[in-house]
Amino acid sequence: MAVNFSLEGKVALVTGASYGIGFAIASAYAKAGATIVFNDIKQELVDKGLASYAELGIKAHGYVCDVTNEEQVNAMIAKIEEEVGVIDILVNNAGIIKRIPMCEMTAAEFRQVIDVDLNAPFIMAKAVIPSMIKKGHGKIINICSMMSELGRETVSAYAAAKGGLKMLTKNICSEYGQYNIQCNGIGPGYIATPQTAPLREIQPDGSRHPFDQFILAKTPANRWGEADDLAGPAVFLASEASDFVNGHILYVDGGILAYIGKQPS
Ligand code: NAP
Ligand code: GCO
């Protein structure tokens, strides 16, 4: 039986996909045949994203929308359904992080991270599920994190959000699997994007950032991930090849979660 990894004829919405991981996933979806829709907060970033997709020969559809704003989200989904088509694949990719020691973080800062990284995926999923039920199928992919499993200093809000996102993924699976909707997560390891740029800055003496060296020692692959490393797993979870995979978090981390770390030589 030929396994179907094709996304021909599918409409895929990837949130926050002007660049970074979202852009890599959306580009891979386009190569697999999907029509690409993405959003960003600012028109200038949407325009930048459209130009970046065009450079790859991809005619994407871009919308300005703050994913934490339910009114904006519902208006965007209605516009997409009218202008492009019903969404078959939703990737909740948009996300932020604030690296602040917990006792120095304000409640407002904590809430802001939870709003983007956890409340927004709830709002987005709630907006697309009714049409997926009518259509008889749907794929929701939540971009989780190693911080869905592990903590570390200064990322309390982010870890709380991504841990919650893991459980929201399992709950959407539980509640909507009966409608042939699969909801899974991707848990990237440490990926070289603008979000992790501060952790990779070359030091004044020309040495690598201490955290950069730490991650290399914790990664069996001995390298940071690239956004393109997520393309294959994302296509798999968006395709019919994964129709019986549901509620699963697929870690794409170079082996970090399996490894205690490089032992002293
Ligand atoms: P990034 O480079 O910071 O890009 C994040 C994207 O989300 C940007 O396009 C950003 O747009 C958008 N965004 C933020 N808040 C938004 C909002 N309220 N509404 C709409 N769009 C919004 O991040 P990334 O590294 O590509 O990460 C993408 C996802 O992967 C995030 O969920 C992140 O937590 C997760 N992740 C990243 C890593 C990693 O190592 N990089 C590892 C695991 C998981 P603006 O530029 O306008 O803010
Ligand atoms: C950090 C990093 C991580 C990665 C990713 C790991 O500050 O520890 O930003 O959180 O972004 O989430 O999976």
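The values are calculated or read from the model by the stated rules, or taken from the named source; none is laboratory data. Note that this is a predicted model, so its numbers are computed, not measured. A quick note on method: Cβ atoms are made from the backbone with ideal geometry, for glycine too, and the neighbour counts reach across all protein chains shown. These area figures cover heavy atoms from the full protein model, side chains too; ligands, DNA and RNA do not enter into them. Shrake-Rupley method; radii C 1.70, N 1.55, O 1.52, S 1.80 Å.
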Task: Residue ID - nearest to Leu90 (Cα to Cα), chosen from residues in segment 100-127 that are among the aliphatic types (A, V, I, L, M) and free of Cβ contacts under 8 Å to residues at least 12 places away in the same chain - done: Ala108
Task: Given (1) outside any loop (DSSP other than H, G, I, E, B); (2) surrounded by fewer than 19 Cβ atoms within 10 Å (Cβ to Cβ); (3) among the hydroxyl-bearing types (Ser, Thr, Tyr), number of the condition Tyr53 does not satisfy - done: (2)
Open item on the list: Consider segment 32-47. How many of its residues are exposed (fewer than 15 other Cβ atoms within 10 Å of the Cβ) and under 19 Å from the mean Cα position of the chain (by Cα)?
Closed with: 1
Task: Sole exception among (1) in contact (Cβ under 8 Å) with a residue 40 or more places away in the chain; (2) away from ligand 2 (no atom under 16 Å from the Cβ) for Ile58, by number - done: (1)
Open item on the list: Being more than 15 Å from ligand 1 (Cβ to nearest atom), at pLDDT 95 or above and crowded, with 22+ Cβ neighbours inside 10 Å is true for just one of Ile129, Ile143, Ile172. Which residue is that?
Closed with: Ile172
Task: Top-ranked residue in segment 190-217 [being more than 22 Å from the chain's Cα centre (by Cα) and within 11 Å of ligand 2 (Cβ to nearest atom); ranked as least open to solvent (accessible area, probe 1.4 Å)] - done: Phe211
- [ ] Scan segment 62-77 and give yes if some residue there is in contact with a Gly (Cβ under 7 Å, 6 or more places away or on another chain), within 16 Å of ligand 2 (Cβ to nearest atom) and open to solvent by 20 Å² or more (accessible area, probe 1.4 Å), otherwise no.
- [x] no
Task: Criterion: of a type in the set (Asp, Glu), open to solvent by 30 Å² or more (accessible area, probe 1.4 Å), farther than 19 Å from Ala234 by Cβ and more than 16 Å from ligand 1 (Cβ to nearest atom) - qualifying residue of Glu104, Glu109 - done: Glu104
- [ ] At least 3 residues that are over 29 Å from Gly136 (Cβ atoms) in each: list the helices (runs of 4 or more DSSP H) lying fully within segment 150-265 that qualify.
- [x] 156-176, 210-218
Open item on the list: Tally up the residues in segment 55-72 that are within 16 Å of Ala24 (Cβ to Cβ) and of a type in the set (A, V, I, L, M, F, W, C), please.
Closed with: 3
Open item on the list: What are the pairs with Cβ atoms under 8 angstrom where one residue, in segment 12-23, is more than 8 Å from ligand 1 (Cβ to nearest atom) and the other, located anywhere, is in a strand (DSSP E or B) and among the aromatic types (Phe, Trp, Tyr)? Sequence gap at least six, or different chains.
Closed with: Leu13/Phe38; Val14/Phe38
Task: Near pairs, Cβ below 9 angstrom, 6+ apart or cross-chain, from segment 137-153 (closer than 20 Å to Leu199 by Cα and among the acidic types (Asp, Glu)) to any residue that is open to solvent by 20 Å² or more (accessible area, probe 1.4 Å) and assigned to a loop (DSSP other than H, G, I, E, B) - done: Glu153/Arg99; Glu153/Pro101
